[in-house]
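Accompanying notes for the structure given below.
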């Protein structure tokens, strides 16, 4: 960080507004409270995923653990686990992102293989600190066993985790508007009053998908949101 202060002096919301994709992992994981357990960071906060559409159960567990560390829950807000980013990715891999299915199959297997070799356990069973080490190695492209390099798979999962955390809930992510609440995005609205246009105004969250408005689409996804 280059502000002269310590990483803990900055809120996750400020970090989300400032970091680039290349530095997102390092910046976001710095603000997690020390001692956060893997169970708290992944399992307890993750929404029920329902039936998987593209991933195997083992792959989903690994992906959920990765997403939970890429955009972790912090003192001032939720992260990818609450937003169901892994659920979004699974559904997208059965649809719009189907061309990445093989990349995920190979990449997630490589993550677990590297975690076993470097830390003696599958990725999801590692401590938060060890998970961070594995992800940092991937980001630096020093993790071995990845076809095309670990950095490419890291960038792919990061991009899709961001999509799943902040997308319109229609697409299966941003559960309960966790991502929008994190960045104080009030949601789609069809009209904006003069008061709401005031620079000091803090519009109340609508907690509505764009597809909740009939003028955009009367169609609702089978999985809901």
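The values are calculated or read from the model by the stated rules, or taken from the named source; none is laboratory data. From a predicted model like this one, the values you see are computed outputs, not experimental measurements. Positions of Cβ are generated from backbone atoms using ideal geometry, with glycine treated the same way; all protein chains shown enter the neighbour counts.
List of remarks:
- Extreme residue, surrounded by the fewest Cβ atoms within 10 Å (Cβ to Cβ), among residues of segment 142-152 that are assigned to a helix (DSSP H, G or I) and free of Cβ contacts under 8 Å to residues at least 24 places away in the same chain: 152
- Only one of 92, 113 that is in contact with a helix residue (DSSP H, G or I) (Cβ under 8 Å, 6 or more places away or on another chain) and within 19 Å of residue 156 (Cα to Cα): 92
- Look at (1) touching a helix residue (DSSP H, G or I) at 6+ places or on another chain (Cβ under 7 Å); (2) surrounded by fewer than 24 Cβ atoms within 10 Å (Cβ to Cβ) and you find that residue 68 fails only one, number (2).
- Looking across segment 163-186, the residues that are over 17 Å from residue 202 (Cα atoms), part of a loop (DSSP other than H, G, I, E, B) and over 12 Å from the mean Cα position of the chain (by Cα) come down to 168, 172.
- Going through (1) under 29 Å from residue 185 (Cα atoms); (2) surrounded by fewer than 24 Cβ atoms within 10 Å (Cβ to Cβ); (3) modelled with pLDDT of 95 or more one by one, residue 99 falls short only on (1).
- Within segment 187-205, the set of residues being surrounded by 12 or more Cβ atoms within 10 Å (Cβ to Cβ) and over 19 Å from the mean Cα position of the chain (by Cα) comprises 188, 189, 196, 201, 203, 205.
- The residues listed here are 136, 124, 118; of these, the one that is touching a helix residue (DSSP H, G or I) at 6+ places or on another chain (Cβ under 8 Å) and buried (at least 18 other Cβ atoms within 10 Å of the Cβ) is 124.
- Selection of first residues in segment 117-141 that are on the phi > 0 side of the Ramachandran plot and modelled with pLDDT of 95 or more and of second residues that are surrounded by fewer than 18 Cβ atoms within 10 Å (Cβ to Cβ) and in a loop (DSSP other than H, G, I, E, B), restricted to Cβ pairs under 7 Å at least 6 apart or on distinct chains, gives the following pairs, ordered by first then second residue: 141/149.
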